[in-house]
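Okay, so here's the structure we're looking at.
The values are calculated or read from the model by the stated rules, or taken from the named source; none is laboratory data. Nothing here was measured: the structure is a model prediction, and the numbers come from that model. Because the Cβ atoms are built from the backbone with ideal geometry, glycine has one as well, and the counts that use them run over all protein chains shown.
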Amino acid sequence: MKIAVTGGKGGTGKSTVASSLAMEFAGSKKTMLVDADVECPNDHLLLSVKRKKYCNVYQPIPKWDFSKCTKCGKCASICKQNAIVFVEGKYPAFVKEVCIGCKACMVACPTQAISMSKKQIGTIYIGKNYNIDLITGELKLGELASGEIVAELRKHADEINEKLKQEIVIIDSAAGIGCPVIASLVGTDYIVGVTEPTPSALHDLKRVLYLANHFKIKHGIVINKFDLEKSFCKKIENFAQKNKIPIIGKIPYRKDFIDSMIKMKPVVEINPEYKKVFERIIKQIN
Ligand code: SF4
Ligand code: SF4
């Protein structure tokens, strides 16, 4: 079973929920956690996993053979990323940091002066602790193509899984609803939408659940820090009831969650009381 943990707004506690669910599942099932929040992966910190490099992730980039270039400027005008700067009478200049490797410039060049090379855009790491196999992707500083890293990460997670035969795969997605999130949700059996009682979190949750509906994936809501603003929590419950979405968990706001991050230990180890909360969530997912 593949479970995505997402939520739209950053800071709602997706990683805490994903790692705690992985801890709970790992007690009885072979479990893998995929940290797809590639711009800021932190599941290895929450689970004290010592990561080791698995592979690099590359992206295609154009390479020019100026002996064939007629300085027509077509490559620059087709590049939607503005990664090619063209000045009349000069050879095109390339800003590789903003190139996303779409190859449009290569196709547009009338003299085949452009071929493809590659650049490293990130790294995939693996590790294990608490009986959880962790695979995590990390985007290189300054690079933009986080969706590519997530797609590669999912591919490698599937490859590793063919050997390990994990029963549960939990995917901790990035914030937002863009490319990296869509790449995290595709092919999953259940989406856990983590939110908190604030207007912006509910707004983003609705957008994420729109995606869940679009992909026809079963889903439920976890309200994190629910006791911070009980009246707004009620608004989330009303929204869920109106849209027939189950609230599968409510997590209180306690200092234990901060201690968990500071001590780099799962919250259920800091305070075993939380086991019940995550056990309840799992029961409703199954
Ligand atoms: S590969 Fe795409 S993004 Fe990169 S320079 Fe060419 S057209 Fe621009
Ligand atoms: S499209 Fe080809 S020929 Fe035209 S400027 Fe670009 S590289 Fe040169």
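Summary of values
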{"read-out": "Every residue from segment 79-93 that is of a type in the set (D, E, K, R) and either more than 11 Å from ligand 1 (Cβ to nearest atom) or touching a Leu at 6+ places or on another chain (Cβ under 6 Å) (or both)", "value": "88, 90"}
{"read-out": "Boolean, residue 105 is at pLDDT below 95, surrounded by 16 or more Cβ atoms within 10 Å (Cβ to Cβ) and within 16 Å of ligand 1 (Cβ to nearest atom)", "value": "no"}
{"read-out": "Tally of residues being exposed (fewer than 15 other Cβ atoms within 10 Å of the Cβ) and without any contact (Cβ under 8 Å) to a residue 40 or more places away in the chain across segment 68-95", "value": "12"}
{"read-out": "All positions within segment 254-286 that are farther than 18 Å from residue 130 by Cα, outside any helix (DSSP H, G or I) and of a type outside the set (D, E, K, R)", "value": "286"}
{"read-out": "From 285, 236, residue being touching a helix residue (DSSP H, G or I) at 6+ places or on another chain (Cβ under 9 Å), closer than 28 Å to residue 29 by Cα and in contact (Cβ under 8 Å) with a residue 12 or more places away in the chain", "value": "285"}
{"read-out": "Qualifying residues in segment 135-184 (those that are assigned to a loop (DSSP other than H, G, I, E, B) and among the polar types (S, T, N, Q)) - the one surrounded by the most Cβ atoms within 10 Å (Cβ to Cβ)", "value": "173"}
{"read-out": "The listed residue being assigned to a helix (DSSP H, G or I), away from ligand 1 (no atom under 16 Å from the Cβ), in the same structural domain as residue 275 (by TED's automatic domain parsing) and at pLDDT below 95, out of 15, 28", "value": "15"}
{"read-out": "Looking only at segment 38-97, and only at residues there that are within 16 Å of ligand 2 (Cβ to nearest atom), assigned to a helix (DSSP H, G or I) and under 30 Å from residue 184 (Cα atoms), the one that is modelled with the highest pLDDT", "value": "78"}
{"read-out": "Residue match in segment 105-127 (condition: over 30 Å from residue 61 (Cα atoms) and touching a residue at least 12 places away in the same chain (Cβ under 8 Å))", "value": "yes"}
{"read-out": "Residue ID - modelled with the lowest pLDDT, chosen from residues in segment 221-253 that are assigned to a helix (DSSP H, G or I), surrounded by 13 or more Cβ atoms within 10 Å (Cβ to Cβ) and not acidic (Asp, Glu)", "value": "228"}
{"read-out": "Residue match in segment 111-134 (condition: within 16 Å of ligand 2 (Cβ to nearest atom), outside any strand (DSSP E or B) and either of a type in the set (A, V, I, L, M, F, W, C) or buried (at least 16 other Cβ atoms within 10 Å of the Cβ) (or both))", "value": "yes"}
